[in-house]
Amino acid sequence: MLKIYRSKTGVKYNLLFQKKDGTQVQLEFRGSNREYRTRDEEIQKALEGGKYFKEKKIEVFQLIKEDEEAEAVPASEIVVTSVTDIQAAADILIKDYGIKAKDLKTPEAIKAAAKQANVSFPNVEFK
């Protein structure tokens, strides 16, 4: 099951979590909604047992039950309909997703970076 967690305070949390096998995982609440998505039950339990969740600074925003066929499809992308120009799209990618401005020099690069960040701007013409 995919769980989407959201920062209720608007803070962009960056948390470091060590899994039982010793792997370190960075949990970054990103995007304009400050969200973190995971299917990993170990990470879900750690988030829900953590300080920020207990203090109600982080919440489970959405649960998505997936069947076997749906699991092969990438997680739902974040759709930003309020943006209508390419520069505003680039600004969001820089501010909310940590993409460097030097990597967003062309419309094609902006479109590719948005796809990589799992964000879409349906009202922007990438020309």
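What follows is calculated from the coordinates using simple rules that are stated; it is not laboratory data. All values derive from a computational prediction rather than experimental measurement. Glycine also receives a Cβ, built like all others from the backbone with ideal geometry; neighbour counts cover every protein chain displayed.
Observations
- In terms of Cα atoms, the Rg and Dmax of region 79-127 work out to 9.2, 24 Å.
- Neighbour net charge for Val11 - beta-carbon separation under 10 angstrom, K R +1, D E -1: +4
- Net charge of Cβ neighbours under 11 Å - reference Glu125; Lys, Arg +1; Asp, Glu -1: +1
- Charge context of Glu42, other residues only, Cβ under 10 angstrom, K/R +1, D/E -1: 0
- Proximity of backbone amide H atoms, modeled 1.01 Å from N, is registered between Ile58 and Lys8, Phe53 at under 5 Å, excluding neighbours fewer than 5 places apart on the same chain.
- Scattering from the chain was approximated by placing one identical point on each alpha carbon and applying the Debye formula without solvent; log10 I(q)/I(0) at 0.11, 0.15 1/Å stands at -0.45, -0.79.
- Secondary-structure-derived ellipticity at 222 nm for the chain, considering helices only, amounts to -8000 deg cm²/dmol, per-run term -39500 (n - 2.57) for DSSP H runs with n ≥ 4.
- Crossing angle, helix 107-116 versus the chain [Cα axis fit, 0-90 degrees, rounded to tens]: 10
- Full extension of the segment from Ser32 to Ala101, taken as 0.36 nm per residue of separation minus the current Cα-Cα distance, would add 23.1 nm.
- Between Ala114, Ala89, Ala101, the GNM of the chain built on Cα springs shorter than 10 angstrom shows Ala101 fluctuating the most.
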